[in-house]
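Engineer: The structure that follows is given in the form of structure tokens.
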Amino acid sequence: MNEADPHHVVIVGAGFGGLAVAHGLAGAGVRITIVDQRNHHLFQPLLYQVGTATLATSEIAWPIRHLVRARKEITTLLGVVTGVDIETHRVLLEDGAEVSFDTLVIATGARHAYFGHDEWEPYAPGLKTLEDATSIRRRILLSLERAERETDPARRAALLTFVIVGGGPTGVELAGAIAELTHQNLPDEFRQIDTRKARVLLIEAGPRILPSFTPDLSTYAHVALERLGVEIQLGLPVSDCNAQGVMVGSRPVAADVVLWAAGVRASPAAAWLGLPADNAGRVKVEPDLSVPGHPDIFVIGDTATVNAWKGKPVPGIAPAAKQQGLHTARNIRRRLRGHHDSQPFHYKHSGNLATIGKRSAVIDFGWIKIRGWLAWWIWGLAHIYFLIGLRNRLAVALSWLWIYTTGNRSACLITQVDHRPKARQPPA
Ligand SMILES: Cc1cc2nc3c(=O)[nH]c(=O)nc-3n(C[C@H](O)[C@H](O)[C@H](O)COP(=O)(O)OP(=O)(O)OC[C@H]3O[C@@H](n4cnc5c(N)ncnc54)[C@H](O)[C@@H]3O)c2cc1C
């Protein structure tokens, strides 16, 4: 290896996958550049808790620069990648800058998808970034504030209706947390409205919530959510989202807060590379996670699809992105040692977890299924363990303990509120 001009690895995206690559390359003698459009790494599994006023933003996000400060071979760049010049080995940034690479790893994740109805996004925001979470928190809390001042019963009912579209883990977690917030934590704080009467409606087009879990765990979660006061509507898709609320099949539901947890679309890496994608926009990668015809370009995590889970596609979850990142780092090291063959990736699944409010969860480890409070404790400990740094682990544990024992949510803050009156737009 040339010490004066070491091999340059560019990692686009400092999420779970990208950071794992950087971690796996420690001591490999390479120069690394991390490019991300945000200055922080985000622990997305707890994002819904920022959206529902349980945790503060700084408890689940860390400046990337700070995380890699001890690694002198890593340079961190804040920038939006908009393309890749495969021939000249350059990453293209939105502001016209370029970063050349010897090896490129793209780990740019996914965003929510509206099944061809992007016009629904302003009415039904999804949850992916810190901005999404604080905007959702603002919508929920503002709706309650407006309901407190509203005299028209029909408008007040719409302001007190919270619709969540999509019954996967994120939808279930959001619905449970909003039900607890409105039904258990806030009733004492309002005078004109009874927040216990807030309607929390979870809409799932399929026959059951949590479809990636076994039917018995889905049924358990269904009953546990209903016990929290969540109304569940199964078997009918949302056919429109607009300023008045949603259409479920042909039935309108008036609601000021509609949240989208129904689908994801990969970042446009396939278009950057001029490669075919699957119907969720993911790049179809080789068994070693490199892209066809370009062994020095890897795509990993939520942006890639590969049948490396006993012949099935690898799921879009954090452990899968981390495993792919570490595997890619191992393959890069092998090549630097002169091996020309790359090892195929094999995903190891540890289990599915979803929480239903602050006293219940479901866990499917395959060999054992756990539900109820024990599952919630395991879920909580696992999430605290996977947070980065002692300070955040303590801060999150303390926030949960505080809310658990007092019911007080200190993060009920409305920021960036716009008091100017807005014209309500007609339905799309
Ligand atoms: C609300 C929510 C809850 C979730 N809950 C769980 C859970 O409980 N358990 C679980 O295992 N998984 C969960 N997931 C899924 C998990 O977070 C993802 O599978 C995982 O983050 C994928 O890792 P990644 O590295 O592929 O992408 P990400 O972690 O999303 O990282 C992508 C990075 O790329 C950057 N980026 C994107 N585009 C560009 C660009 N053009 N230029 C520069 N940088 C860019 C982003 O800023 C980001 O930092 C959840 C996801 C969400 C949204």
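The values are calculated or read from the model by the stated rules, or taken from the named source; none is laboratory data. A quick note: this is a predicted structure, and the numbers were derived from the prediction, not measured. Every residue, glycine as well, gets a Cβ built from its backbone with ideal geometry; the counts of neighbours run over all protein chains shown. SASA here: full protein model, heavy atoms, side chains in, ligands and nucleic acids out. Shrake-Rupley method; radii C 1.70, N 1.55, O 1.52, S 1.80 Å.
Engineer: Test of understanding: what is the full-extension gain from Lys284 to Asp102, defined as 0.36 nm times their sequence separation minus their Cα-Cα distance?
Structural biologist: 63.4 nm
Engineer: Ignoring ligands, DNA and RNA, what accessible area per residue does the chain give at 1.4 Å, in Å²?
Structural biologist: That works out to 47 Å² for each residue.
Engineer: I've got another one for you. To the nearest 20 Debye, how big is the dipole of the chain about its Cα centre, given +1 on the beta carbon of each Lys and Arg and -1 on that of each Asp and Glu?
Structural biologist: With only Lys, Arg, Asp and Glu charged at Cβ, the dipole is about 1060 debye.
Engineer: Where the only charges are on Cβ atoms (+1 Lys, Arg; -1 Asp, Glu), what is the dipole of segment 105-259 about its Cα centre, to the nearest 20 debye?
Structural biologist: 160 debye
Engineer: Would you please give the FRET efficiency between Glu231 and Asp118, computed as 1/(1 + (r/R0)^6) with r the Cβ-Cβ distance and R0 = 30 Å, to the nearest 0.05?
Structural biologist: Between Glu231 and Asp118 the formula returns 0.65.
Engineer: Same structure again: State the three equivalent ellipsoid semi-axes of segment 288-428, derived from the C-alpha gyration tensor as the square roots of 5 times its eigenvalues, in descending order and whole Å.
Structural biologist: Ellipsoid semi-axes (Å, largest first): 38, 25, 17.
Engineer: Here is a further query. For the peptides 55-63, 147-155, what is the packing order when you average, over each peptide's residues, the other Cβ atoms within 10 Å and list the highest mean first?
Structural biologist: The most tightly packed comes first, giving 55-63, 147-155.
Engineer: How long is segment 269-314 along each principal axis, judged by its Cα atoms, biggest number first, in Å?
Structural biologist: Principal axes ranked by extent give 28, 23, 14 Å for the Cα atoms.
Engineer: Treating only the Cβ of Lys, Arg, Asp and Glu as charged (+1, +1, -1, -1), what charge dipole size does segment 313-377 show about its Cα centre? Round to the nearest 20 debye.
Structural biologist: For this selection, approximately 220 debye.
Engineer: Also: Where in segment 119-151 is the amide nitrogen less than 17 Å from a point lying 7 Å along the Cα-to-Cβ axis of His419?
Structural biologist: Zone members listed by number: 142-143, 145-150.
Engineer: Between Ser58 and Ser250, 0.36 nm times their residue separation minus their Cα-Cα distance comes to what?
Structural biologist: 64.9 nm
Engineer: Using protein chains only and a probe of 1.4 angstrom, how many square angstrom of Tyr48 are accessible, to the nearest 10?
Structural biologist: 20 Å²
Engineer: Moving to a separate point now. With the contact rule set at Cα under 8 Å and sequence spacing of 6 or more, what percent relative contact order holds for the chain?
Structural biologist: 19 percent
Engineer: Obtain the radius of gyration and the Kirkwood radius of the chain from its C-alpha atoms and give Rg over Rh.
Structural biologist: 0.99
Engineer: Another question about this same structure. Going highest first, how would you order 318-329, 276-287 by mean Cβ packing within 10 Å?
Structural biologist: 318-329, 276-287
Engineer: When the accessible area of the chain is computed with all protein chains present and a 1.4 Å probe, what percentage of it is carbon and sulfur?
Structural biologist: So the carbon and sulfur contribution to the accessible surface is 56 percent.
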